Amino acid sequence: THFGYRSVPKNAKTSMVGSVFSDVASKYDVMNDLMSLGLHRLWKDLFVMSLAPTADMRILDVAGGTGDIAFRIVEKKRKEKDYNTKLSENRVEPVVVVDINENMLQVGKERAKERGYSEKEILFVHGNAEKLPAASETVDAYVISFGMRNVTDPETALMEGFRVLRTGGKFHMLEFAKVQNDVLQYIYDRYSFSVIPLIGQVVANNRNAYEYLVESIRQFPSQEEFTKLMINAGFQQVSYRNFHQGIVAQYSGFKL
Ligand code: SAM
């Protein structure tokens, strides 16, 4: 396409993404802290805050990995008054984490158990964002955090998101984006091309994988480009907001 994110050959991208997340599943969380200097926690908190999840909301956390977003959603749901009554009456919708990588799901399941979340609150399902294991028009909110960049064909994933959402349902995405400030961009490039592969080498023993990740961030569509893809997929009232000058951005759109 004109956006260029396909210049990593598709099968290379798919197998690279597989190896990255299989190799680093157990180190994934500490890697995030190291690489983002802890900022990913703040971005995820802000992201989930804006979802305003309620106990009965049916939420699909696509490419949900080890559960960072889903756990935050469960915590928000738990704040609702009468939550425990609703839970015992089966009126709480579990957050459904869908991920293509069994290792990531396994780490997620273990973390969920440690935190005392039941299967009434969170489910881990193996599946592909390009062919979601969900019926059409059944989902209130589609959520994808740092996942779209790894999907082989984002346009297909967007169409799938549109398919599973009910009318009135909302799409939410958190993803690396285009930095809006030249000075920050300069520092950010230096950091990503030197420090991140080094951390990948030392901590996860996989330098190539992290070089790939940096490249995938650079090649991902900008805020303006991605909102166009969302509109092409049928979403309305499409908008985005930048965090930290566009290091990451949050996108949203409705199926109306
Ligand atoms: N959402 C989590 C978070 O914010 O911490 C995990 C993000 S992690 C960077 C990206 C995840 O996308 C990995 O768990 C990977 O297995 C998953 N993934 C990659 N391609 C996918 C696909 N086609 N369908 C579903 N999940 C996919």
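Read the figures in this text as sums done on the coordinates, not as results from a lab. Computed from a predicted model, the values in this text were never measured in an experiment. Heads up, the Cβs are rebuilt from the backbone with ideal geometry, glycines too, and the neighbour counts pull from every protein chain shown.
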Inset, instruction - Rank by packing, highest mean first: peptides 80-92, 62-74, with packing defined as the count of other Cβ atoms within 10 Å averaged across residues. - result: 62-74, 80-92
Inset, instruction - Taking the dipole about the Cα centre of the chain, with the C-beta of Lys and Arg at +1 and of Asp and Glu at -1, give me whichever of V107, I59, F146 is farthest to the positive side. - result: I59
Legend entry - Residue order, fewest to most beta carbons within 10 Å, for F124, F193, F146: F193, F146, F124
Inset, instruction - First check a/c for segment 108-240, with a ≥ b ≥ c the square roots of the eigenvalues of its C-alpha gyration tensor; if it is under 1.5, answer rounded, and if not, answer prolate when a/b is larger than b/c or oblate otherwise. - result: oblate
Inset, instruction - Would you mind computing, in nm to one decimal, how far apart the modelled labels at T167 and K81 are, each placed 7 Å from Cα along Cα→Cβ? - result: 3.4 nm
Legend entry - Global size of segment 5-254 as Cα Rg and Dmax, reported in angstrom: 17.6, 54
Inset, instruction - Could you work out how far apart the two model spin labels at A52 and I231 are, taking each label as a point 7 Å from the Cα in the direction of the beta carbon, and quote it in nm? - result: 2.5 nm
Inset, instruction - Just tell me which aspartates and glutamates come within less than 12 Å, Cα to Cα, of K113; anything on the same chain fewer than 8 places away is out. - result: E121
Inset, instruction - Round to the nearest 10 and give me the degree value, 0 to 90, for the angle of helix 10-24's Cα axis relative to the longest principal axis of the chain. - result: 70 degrees
Legend entry - On Cα atoms only, tilt of 102-114 relative to the major axis of the chain in degrees: 50 degrees
